[in-house]
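Quick notes on the structure that follows.
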Amino acid sequence: MEAIRARAQLLRSVRDFFYSREVLEVETPILSCAGLPDPHLHSFQANSFFLHTSPEFPMKRLLASGSGSIYQICKVFRQEEQGRLHNPEFSMLEWYRDGYDYRSLMKEVAQLFAALLVDQIELSAVETISYQDAFLQHTGIDPFAETPDGLMEYLRAVGIDWQASVELDRQALLDLILLHQIEPKLGKGRLTFLIDYPAEQAALARLAQTSQGHWIAERFEVYFQGIDLANGYTELANADEQRQRFAADQRYRAAQSLVQIPVDQRFLAALEAGLPACAGVAVGLDRVLMLQLHKQSLAEVIAFPVDRA
Amino acid sequence: MANFSTNEFKGGLKIILDGQPYNILENEYVKPGKGQAFNRVRIRNLLTGRVIDKTFKSGDTAEGADVQEMDMQYLYNDGEQWHFMASETFEQVQADANAVIDAKKWIKEQDVCTVMLWNGSPINIAPPNFVTLAITETDPGVRGDTSGGGGKPATLETGAVVRVPLFVQQGELVKVDTRTGEYVSRVKE
């Protein structure tokens, strides 16, 4: 019951935070005739509809219609295994700031976490580090330069024993290293923003070029105590580029023998009509609650985790 | 045997990796945001006893291992093979020295042991949790001396050596916990 009462308080705190900043709360459908072709996300389906893995598409349609800054608290659904930090159905807080980019949004994200994890986070101690610097610092590897063979050599050298049915590509190998060697070191005692991901991991983020000429995504992930709490970016507003990314995802899916996902044409139409420059972020509220209550797993703070639903 | 996917991996499931049988101890699902998901699995090699950590690509499968545990009675050993029999079926199996490496110092003929079979062959023998064995050799100890909790070493009829209290004498029966190798109590015949 303690977790249930704490959740009610968390929701209240989130709403107070946005109310005082005049960000509008919205509700958008969980069902959609389309899905997200991201090959690492698997949606639930109900008859001919997909359950959303995030409210991103309809919220961007609202932004394109002139809604201004908006937020939503809703359940999202992902066909994933249940785990310490995962439940196939979980609570997401997602918000979009009209006129912001990822850097300005990160400041607000830090303020939100400082408000929700009030005894645990010092705003003055927030760390911001790029994906490249995090790799160089914790592994000595340059994620933009190292070859898959070099990455595999590193994994073997540090004793990570892995097994895969197909050859892991460069991104998957980087993920493996991030998981084992870097994530546990992020957010130790303070918020860490991991920013500027490789362009291949851009999802729906806008791309930019670094001074070294590397293409990066204007994307950030927020870590606290080694746990990934939020994912945000400067939103990609270019419809053609978005269409191309969806097509690339579909090709990747086909190559992995995964089903093709119908692309959200209404979302693309909204981008064509014009998405205002904005930045958005998605926060896993269950994980925040878990940290707030100093618990070790999502199951301890969810009323009925999927194995008891 | 059937294949198991990583989402079916849990403590107690037996799988084959690199041709050897393993018992899954723990399975943790991990995923860096929007990236490839993995399962970090802790497994014990049932032949060597070694515990290792292995990371699987989530969704991959492993072949199930045909591992069964059966209660069987210890018959005898000829120095190279230890012979066991299932009391209901009279089925007999022979275990090699490696399989009995822990059990052989505790078991007497007719003791019922848990035999782990892989594809029908014994790979590990677990003795009963408690055994009663006679002390074949031990010093007399000082009568009435209950101070200095160290006790004294005693050799048992199977060759095992355990520490017993000073008042326990040669020829007596003692109960031993085979999991810890410790003396539990004397046993009156």
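Rule-based calculations on the coordinates, nothing more; no lab input. What you see is a predicted model; the values in this text were computed from it and never measured. All Cβ positions, even for glycine, are placed from backbone atoms using ideal geometry, and neighbour counts span all protein chains on display.
Helical runs assigned H by DSSP (4 residues or longer) give the protein assembly as shown a calculated mean residue ellipticity at 222 nm of -6500 deg cm²/dmol, each run adding -39500 (n - 2.57) before division by the residue total. When the C-alpha to C-alpha distance is required to be over 18 Å, the pairs from A:K188/B:K34; B:K10/B:K54; A:K295/B:K54 that qualify are A:K188/B:K34; A:K295/B:K54. Rg/Rh for region B:1-119 (Cα atoms only, Rh after Kirkwood) is 1.11.
Place a point 7 Å from the Cα of B:A86 along the Cα-to-Cβ direction; which residues of region B:31-75 have their backbone N under 20 Å from it? Of the residues in region B:31-75, B:65-75 have backbone N under 20 Å from the label point off B:A86. Tally Lys and Arg at +1 and Asp and Glu at -1 over the other residues with C-beta under 13 Å from the C-beta of A:E221: what net charge comes out? Charge balance near A:E221 sits at -2. Remark: A:M1, B:M116 ranked as A:M1, B:M116, counting other beta-carbon atoms within 10 Å and listing the fewest first.
Which of the listed residues, A:T234, A:V158, A:L62, is farthest toward the dipole's positive end in the protein assembly as shown, when Lys, Arg count +1 and Asp, Glu count -1 at the beta-carbon? Farthest towards the positive pole: A:L62. Between A:A157 and A:L207, the simple label model (points 7 Å from Cα in the Cβ direction) yields a spacing of 3.0 nm. Structural descriptor for chain A: relative contact order 25 percent, calculated from alpha carbon pairs under 8 angstrom and at least 6 residues apart. Stretched out straight at 0.36 nm per residue, the stretch from B:V161 to B:V184 would grow longer than its current Cα-Cα span by 6.9 nm. Could you let me know the centre-to-centre spacing of region A:51-67 and region B:167-189, using Cα atoms, in angstrom? What the calculation gives is 74 Å, centre to centre. Extending 7 Å from the Cα toward the beta-carbon at both A:N47 and B:Q110 defines two label points whose distance is 7.2 nm. Across region A:40-51, coupling constants 3J(HN,Hα) worked out from phi with the 6.51/-1.76/1.60 Karplus curve, θ = phi - 60°, read 9, 10, 10, 8, 7, 10, 10, 6, 9, 9, 9, 7 Hz, and Gly and Pro carry x. Give the separation of the Cα centroids, region B:100-126 to region A:141-202, in Å. The two parts, judged by their Cα centres, are 44 Å apart.
With contacts taken as Cα pairs under 8 Å at a separation of at least 6 residues, region A:169-260 carries a relative contact order of 25 percent. By other beta-carbon atoms within 10 Å, ranking A:I195, A:I121 with the fewest at the front produces A:I121, A:I195.
B:E28 sits among other residues whose Cβ lies under 9 Å from its own Cβ, and their net charge, with Lys and Arg +1 and Asp and Glu -1, is +2. Database remark: amide H of B:D66 closer than 5 angstrom to the amide H of B:N119 (H placed geometrically; neighbours at sequence offset of 5 or more, or on other chains; Pro and chain starts carry no H). Each of A:I195, A:P88, A:L258 was placed along the dipole of chain A (beta-carbon charges, centred on the mean Cα), and the one lying farthest toward the positive end is A:P88. Taking 7 Å steps out from each Cα toward its Cβ at A:D240 and A:L11 produces label points 4.5 nm apart. Shape summary: the protein assembly as shown maps onto an equivalent ellipsoid whose semi-axes, from the alpha-carbon gyration tensor, are 58, 26, 21 Å in decreasing order. Here the protein assembly as shown is treated with +1 on each Lys and Arg Cβ and -1 on each Asp and Glu Cβ, and its dipole about the Cα centre works out to around 1120 debye. For region A:130-151, the residues whose amide N sits under 12 Å from a probe point set 7 Å from the Cα of A:K185 along the beta carbon direction are A:133-141.
Across peptide A:163-176, the average count of Cβ atoms from other chains found within 10 Å of a residue's Cβ is 4. To the nearest 0.05, what FRET efficiency results for B:D102 and A:E122 with a Förster distance of 60 Å applied to their C-beta separation? Efficiency, rounded to the nearest 0.05: 0.70. Highest mean packing comes first when the peptides B:95-101, B:1-7 are listed by Cβ atoms within 10 Å, giving B:95-101, B:1-7.
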